[in-house]
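What follows is a single structure, written as structure tokens, with notes after it.
The values are calculated or read from the model by the stated rules, or taken from the named source; none is laboratory data. Keep in mind that this is a model prediction, so the values were computed, not measured. Glycine gets a Cβ as well: all are built from the backbone with ideal geometry, and neighbour counts include every protein chain shown. Just the protein is used for accessible areas: all its heavy atoms, side chains included, with ligands, DNA and RNA removed. Shrake-Rupley method; radii C 1.70, N 1.55, O 1.52, S 1.80 Å.
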Amino acid sequence: MRGLLARRMKFHLLGAFLVSVGCASLYKFAVAEPRKRAYAEFYKNYDPMKDFEAMKAAGVFESAPAK
């Protein structure tokens, strides 16, 4: 029984480290990178003035009344 805690601690610490690195990389490549690509694609063709005029025509803004 001597040294049982130290041996088990090494095993569990290594396992926890590998699981956390795996989860972080999975999140990066499965969530973060596709989200970055989607935002880049959206803003590549985004026209803020056209969007503003559409919201203005819909009456969203109080300070810029619809014509």
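Looking across the stretch 1-50 at every residue that is acidic (D, E) and over 30 Å from P65 (Cα atoms), the one that is least open to solvent (accessible area, probe 1.4 Å) is identified as E33.
Exactly one residue out of E53, E62 is of a type outside the set (S, T, N, Q) and surrounded by 10 or more Cβ atoms within 10 Å (Cβ to Cβ): that is E53.
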